[in-house]
Amino acid sequence: MNPNSPILGIDLGTTNSLVGVVDSGFPILLADENGSRSTPSAVCFAEDGTITVGAVALRQRALHPMHTITSVKRLIGRRPGEGGWVPPYVLSDLKTSPVEVSAEILKHLKAVAERALEQSVSQAVITVPAYFNDAQRNATKRAGELAGLEVLRILSEPTAAALAYGLDKFGEHQKVAVYDLGGGTFDISVLEMRDGTFQVLSTAGDTQLGGDDLDRMLAAFIAERLNLPANDIRVLEAAETVKKRLSVDETAAFNGLDITRADLEKIARPWIERTRMHCLRALSDAKIKLDQLDEIILVGGSTRMPLVRDYVRELFGREPNTSQNPDEAIALGATIQAGILSGSLRQVLLLDVTPLSLGIETFGGLMNIIIPRNTTIPAKAGEMFTNAVANQDNMLIRILQGERELAKDNWELGRIEVPFPAGPKGSARVGVQFSIDADGILHVLARDTATNQDTTLEISGTAIDVEDERVEQMIAESVDFAFEDMNERIWTESKFKAEELLPAVDAALTQLGDAITDEERSDVLKHASEVRRLLQSPGHDAKALKAATQLLDDATQSLAVLLLDRAMEESLVRRGLV
Ligand code: AMP
């Protein structure tokens, strides 16, 4: 997959088709040069061989009704003679097939996308009704290929709708009904979330039921009152306009005739009632009762009608979810699926926390966590580090990922070297900051605070994007080795402390000479030799070393006090004050 070329999400609809793409992490639908995001699924094959698609083709319908093909989706994947596909469905001299007609629509959508994106595209996800059989799915795929698109997935329309409504964030076994009433078809599907994806439990509907029927009925109503022929294309177009207006207003006028919403609803009542038995059938096929549904979502332009919403509310006994634009939901879902496939939506949808801890190696090969696992991204954290050895003039920072106490058991994501002026032990001040941006890229910044010199490193992908199995294995190992790991950490920390303490004790004893009693001296020496013995013993007895180091530390506390007193006294003597 070419990471730079986006994958299109396409709703190849019976009446209208739409195309989208994930841009900067967001799914967006693309508009043509007229600003329209919806293309009528119409193709006109003019006598001179020119082919037009969309609104232009539709405008030609009045002039060339026999050369303009609409609703080709009803025929795709069917053999001649099946489901109304009677050759020549299209004029025999056109010599075209439903696959080729669909390919023209897809070519047009591809061009719309390429114009909007200013780059070529070659891959797509295309939606089909849930009831499409293999032949119909394959025919849709072939149409895509004919249009120059590699079809990465054929996605069920209700699944796309559920994705658009964000229902993939639902928990396991949540059940959703998708009520889709478009221009030419009605579909009802029941989905269940299983293993993080939607399964279509059942689907029912009527391929000859949609808003177009209502347009015809309303056209007949209008024609009768105005004494016009009902099949006049202008009356039909006016009927659709009036119908849409009545979704918002109570009345609409055409040629001096006032039509009310009540008029439309009277005509529409028997029409909408026809969806009832399909809904009940889908529920019974899915073997679920109405009250087991977690959500009912509306899809398709006709569900904008208040009558349809009221009807669904009554039938399902609950408020339908109308949060998405019903005529764009399927295209949006196809786009989201395309985004998931291309990886451009992955972090946002699936992983918004760090799967494993991120940190750096510190003294003695220990892991120092900077951003713990399960931190929500974006995230930022940092710490100060110093040099463990005198005269060191640089620090190697190894960036690690994992849950183990020892650096060597974690994974190295990268390393940077930070230079700083040489000085005594503990004199350097290096700030290390980790920040993970919304795209999951880890930015590491190391700053020597003395010179304000920055060293940076960018690590993309690996900080967030780790295979589930590897994450699980890492966590399991951190539990299995928890005891050994912790022992090793305590050992390393105690050893570090002991190695600091021992030379300091020796120096103090020499300096103090006979200022301390023999008893005090032998007490301190006893603890010091115990620490030395443990350091050299083969088995790393972390607990014993920690305890012995603590005793030595306590015993030397009195030495430290004496040393301080001595220094004070000397200073006073020097200055002639005593
Ligand atoms: P679709 O197949 O989803 O594009 O839906 C197209 C159908 O929805 C056509 O029959 C349109 O007339 C109808 N439609 C679109 N907008 C509205 C609206 N505001 N009110 C009623 N019907 C609408």
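With respect to (1) touching a helix residue (DSSP H, G or I) at 6+ places or on another chain (Cβ under 9 Å); (2) free of Cβ contacts under 8 Å to residues at least 40 places away in the same chain, the lone exception for residue 203 is condition (2).
Among the residues of segment 262-308, those identified as within 14 Å of the ligand (Cβ to nearest atom) and touching a Ser or Thr at 6+ places or on another chain (Cβ under 7 Å) are 298, 304, 305, 306, 308.
Restricted to segment 410-475, the set of strands (runs of 3 or more DSSP E) holding at least 3 residues that are surrounded by fewer than 13 Cβ atoms within 10 Å (Cβ to Cβ) comprises 453-459.
Of all the residues in segment 309-329, those that are over 18 Å from residue 269 (Cβ atoms), open to solvent by 10 Å² or more (accessible area, probe 1.4 Å) and within 14 Å of the ligand (Cβ to nearest atom) number 5. Please determine whether any residue of segment 164-173 is more than 22 Å from residue 41 (Cβ to Cβ), of a type in the set (A, V, I, L, M, F, W, C) and either over 43 Å from the mean Cα position of the chain (by Cα) or more than 16 Å from the ligand (Cβ to nearest atom) (or both). For segment 164-173, residues more than 22 Å from residue 41 (Cβ to Cβ), of a type in the set (A, V, I, L, M, F, W, C) and either over 43 Å from the mean Cα position of the chain (by Cα) or more than 16 Å from the ligand (Cβ to nearest atom) (or both): present.
Please state which one of 403, 412 is in contact with a helix residue (DSSP H, G or I) (Cβ under 6 Å, 6 or more places away or on another chain), over 18 Å from residue 449 (Cα atoms) and at pLDDT 90 or above.
Values: 412 fails: in contact with a helix residue (DSSP H, G or I) (Cβ under 6 Å, 6 or more places away or on another chain).
Result: 403 is the single residue among 403, 412 that is in contact with a helix residue (DSSP H, G or I) (Cβ under 6 Å, 6 or more places away or on another chain), over 18 Å from residue 449 (Cα atoms) and at pLDDT 90 or above.
Go through the residues of segment 142-151 one by one and say whether even a single one is part of a strand (DSSP E or B) and open to solvent by 40 Å² or more (accessible area, probe 1.4 Å). Explain how you work it out, then say what you get.
The first filter runs over segment 142-151 and keeps only residues part of a strand (DSSP E or B), leaving 150-151.
Okay, now just the ones that are also open to solvent by 40 Å² or more (accessible area, probe 1.4 Å), so 150.
The answer is yes, given that some residue of segment 142-151 is part of a strand (DSSP E or B) and open to solvent by 40 Å² or more (accessible area, probe 1.4 Å).
Does residue 43 meet the test of being within 16 Å of the ligand (Cβ to nearest atom) and not in a loop (DSSP other than H, G, I, E, B)? Step through it out loud before you land on a result.
Values: within 16 Å of the ligand (Cβ to nearest atom): no; not in a loop (DSSP other than H, G, I, E, B): yes.
Criteria not met by residue 43.
Residues in segment 90-106 that are open to solvent by 10 Å² or more (accessible area, probe 1.4 Å) and modelled with pLDDT of 95 or more: 104 only. Here is the figure for segment 541-578: residues that are under 21 Å from residue 519 (Cβ atoms) and of a type in the set (A, V, I, L, M) total 10. Filtered by the rule that a residue be within 11 Å of residue 8 (Cα to Cα) and β-branched (Val, Ile, Thr), segment 316-344 gives 335, 336.
Name the one entry in 396, 332, 345, 358 that is surrounded by 19 or more Cβ atoms within 10 Å (Cβ to Cβ) and closer than 19 Å to residue 443 by Cα.
Numbers: 396 fails: surrounded by 19 or more Cβ atoms within 10 Å (Cβ to Cβ); 332 fails: closer than 19 Å to residue 443 by Cα; 345 fails: closer than 19 Å to residue 443 by Cα.
So the residue among 396, 332, 345, 358 that is surrounded by 19 or more Cβ atoms within 10 Å (Cβ to Cβ) and closer than 19 Å to residue 443 by Cα is 358.
Taking residues in segment 100-123 that are farther than 12 Å from residue 21 by Cα, and partners anywhere that are part of a helix (DSSP H, G or I), the pairs with Cβ atoms closer than 6 Å and at least 6 places apart or on different chains are 101/72; 102/72; 102/143; 103/143; 103/146; 106/143; 106/144; 120/114.
For segment 246-256, a residue qualifies if it is crowded, with 17+ Cβ neighbours inside 10 Å and near the ligand (Cβ under 9 Å from one of its atoms), and the qualifying residues are 246, 247.
Of all residues in segment 545-558, those that are of a type in the set (Gly, Ala, Ser) have Cβ atoms under 6 Å from Cβ atoms of residues that are assigned to a helix (DSSP H, G or I) and open to solvent by 20 Å² or more (accessible area, probe 1.4 Å), 6 or more apart or on another chain, in 548/530; 555/523; 555/527. Each residue in segment 531-556 was checked for being open to solvent by 70 Å² or more (accessible area, probe 1.4 Å) and either in a helix (DSSP H, G or I) or of a type in the set (Asp, Glu) (or both), and 9 of them qualify. Contact map, segment 172-192: first residue among the polar types (S, T, N, Q), second residue more than 16 Å from the ligand (Cβ to nearest atom), Cβ cut-off under 6 Å, separation 6 or more or different chains; pairs are 174/193; 174/294; 189/200; 189/203.
Based on what the data block shows, is residue 364 open to solvent by less than 20 Å² (accessible area, probe 1.4 Å), closer than 20 Å to residue 488 by Cβ and in contact with a helix residue (DSSP H, G or I) (Cβ under 9 Å, 6 or more places away or on another chain)? Answer is no for this residue.
Within segment 197-238, the set of residues being of a type outside the set (A, V, I, L, M), open to solvent by 50 Å² or more (accessible area, probe 1.4 Å) and farther than 15 Å from residue 278 by Cβ comprises 197, 199, 216, 224, 225, 227, 229, 231, 234, 237.
I need the full set of residues from segment 47-58 which are open to solvent by less than 20 Å² (accessible area, probe 1.4 Å) and either assigned to a loop (DSSP other than H, G, I, E, B) or of a type in the set (D, E, K, R) (or both), in order please. Result: 54, single match.
The values are calculated or read from the model by the stated rules, or taken from the named source; none is laboratory data. Only a predicted model underlies this, so the values are computations on that prediction, with no experimental measurement involved. In this analysis, Cβ positions are derived from the backbone assuming ideal geometry, glycine residues included, and neighbour counts consider all displayed protein chains. For the accessible areas, the whole protein counts, side chains as well, though only heavy atoms, and no ligand, DNA or RNA atoms are used. Shrake-Rupley method; radii C 1.70, N 1.55, O 1.52, S 1.80 Å.
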